[in-house]
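The values are calculated or read from the model by the stated rules, or taken from the named source; none is laboratory data. Model, not experiment: these values are computed from the prediction. Methodologically, a virtual Cβ is constructed for each residue, glycine included, from the backbone with ideal geometry; neighbour enumeration extends over all protein chains shown.
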Amino acid sequence: MATTKLSATKSTSRAINYAEKRAVEKSGLNCDVDYAKSSFKAARELYGKTDGNQGHVIIQSFQPGEVTPEQCNQLGLALAEKLVPNHQVAVYTHADTNHVHNHIVLNSIDLNTGKKFNNNKQALRDVRAFNDEVCRAQGLSVPEKDTARLRYTQTEKAIADPNTTSTAQYSWKDDIREAIDQSTATNMEEFQKHLNQHGITIERVTPKSITYRHLAENKKVRGRKLGEDYNKGGIQHGFERQIQRRQQQKHKSDTNFQPKRSTSNRHESTERDTGVTQSDWDQFAQDTNELERRRQAAESARLVDEKARRDREKRVREKPTSRPIINIDRDHGLEL
């Protein structure tokens with residue numbers, strides 16, 4: 001039997017940062033889950049929907065011993081596919097309490113229409129109905145009434161319900177990640193100014209890395225420790241993307257408005273209704289391809305490290321142990 005809780009969040013990065021670091025299983029819908037934060041942000045920028053609620057969080061919980069973490073994650077992904085097939089979704093499974101549960105983070109934007117997800121009473125009813133449908137399909141029981149009281153950590157309550165008063169403290173590293181995620185800087189000067197407004201400074205920059213300092217905590221961390229999106233290469237890519245965004249916005253503002261005309265062309269209709277041009281879609285595709293390239297590079301690096309580790313272990317196993325060598329000589333017998 002699974003129960004659900006739905007709420008909005010003003011920071012999908014914050015929700016993902018919490019959910020990802022404790023996940024034992026993860027999967028994505030319409031995105032690479034390893035680059036969910038960047039993909040979510042790119043989609044919101046594509047449609048100019050960067051204000052208000054950035055996304056929504058569903059906590060889907062199962063009774064103790066009812067499903068494995070792998071099954072739990074698959075059920076969470078199935079729920080997302082039924083509820084929001086055109087949204088980007090990241091599903092993270094936690095197993096560190098007495099019940100296995102999912103944190104399902106939805107990006108607010110429908111990729112087909114550019115409209116935001118409407119979180120209302122009907123949406124909650126849809127979540128429960130689709131959840132029951134998914135559970136029944138797998139032979140699981142469903143609650144007669146969604147009145148089950150499940151225990152969540154204070155942090156989970158804060159993530160799921162922004163109105164909840166919680167004493168849980170987020171890591172200072174999460175503060176740095178969130179500040180960087182909110183940046184629209186196009187160069188290092190703008191970036192430093194933005195970080196300073198959030199109580200963060202850049203401690204050191206080398207040709208390949210960048211180090212941040214959290215002033216309130218008086219602690220520092222390298223960008224690669226926060227994730228590739230926060231290292232120097234990821235920051236520079238963010239600058240390039242923001243420069244292209246500004247150029248596109250300037251081009252739009254400089255272009256005379258063309259009167260609407262009736263058309264049966266689906267692509268022209270979509271552009272008129274959403275305000276998204278073909279160049280916007282091309283840029284979105286470019287950003288997505290870049291994320292995929294970086295994911296493949298990270299996976300290749302991981303495989304190289306794994307092979308090197310196996311080779312080292314093999315050499316250790318095959319290395320002969322020190323022992324006296326006995327030579328057999330036909331004329332002189334044994335020599336030690």
Looking across region 116-138 at residues that are in contact (Cβ under 8 Å) with a residue 60 or more places away in the chain, under 24 Å from the mean Cα position of the chain (by Cα) and not in a helix (DSSP H, G or I), the single one that is farthest from Q71 (Cα to Cα) is K116
Listed by first then second residue, the pairs whose first member lies in region 177-205 and is over 18 Å from Q244 (Cα atoms) and touching a residue at least 40 places away in the same chain (Cβ under 8 Å), whose partner is aliphatic (A, V, I, L, M) and part of a helix (DSSP H, G or I), with beta carbons under 7 Å and at least 6 positions apart or on separate chains, are R177/L226
Among residues of region 220-231, those that are surrounded by fewer than 18 Cβ atoms within 10 Å (Cβ to Cβ), in contact with a Ser or Thr (Cβ under 9 Å, 6 or more places away or on another chain) and part of a helix (DSSP H, G or I), counted: 1
Quick one: would you say S61 is over 16 Å from V134 (Cα atoms) and either not β-branched (V, I, T) or not assigned by TED's automatic domain parsing to the domain that holds I235 (or both)? no
Pull up region 84-105, narrow it to residues that are buried (at least 22 other Cβ atoms within 10 Å of the Cβ) and more than 12 Å from I59 (Cβ to Cβ), then point me to the one that is nearest to the chain's Cα centre (by Cα). A90
Conditions first: (1) among the aliphatic types (A, V, I, L, M); (2) modelled with pLDDT of 90 or more; (3) over 13 Å from the mean Cα position of the chain (by Cα); (4) buried (at least 19 other Cβ atoms within 10 Å of the Cβ). L46 passes all but one, so which condition is the exception? (2)
Would you pick out the residues in region 49-83 that are closer than 30 Å to R245 by Cα and crowded, with 21+ Cβ neighbours inside 10 Å? Q54, G55, H56, V57, A80
Answer residue from region 12-26, given it is surrounded by fewer than 19 Cβ atoms within 10 Å (Cβ to Cβ) and out of contact with any Phe, Trp or Tyr (no Cβ under 8 Å at 6 or more places or on another chain) and is farthest from E66 (Cα to Cα) among those: K21
The conditions are (1) free of Cβ contacts under 8 Å to residues at least 40 places away in the same chain; (2) out of contact with any His (no Cβ under 6 Å at 6 or more places or on another chain), and L75 fails exactly one of them. Which is it? (1)
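To keep it simple, each residue is scored yes or no on (1) at pLDDT 85 or above; (2) among the polar types (S, T, N, Q); (3) in contact with a Pro (Cβ under 6 Å, 6 or more places away or on another chain).
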site: I176; (1), (2), (3): yes, no, no
site: N187; (1), (2), (3): yes, yes, no
site: Q192; (1), (2), (3): yes, yes, no
site: R241; (1), (2), (3): no, no, no
Which condition from (1) over 24 Å from F130 (Cβ atoms); (2) more than 14 Å from the chain's Cα centre (by Cα) is the one that T4 breaks? (1)
Limited to region 204-219, what total is found for residues that are over 26 Å from the mean Cα position of the chain (by Cα) and in a strand (DSSP E or B)? 1
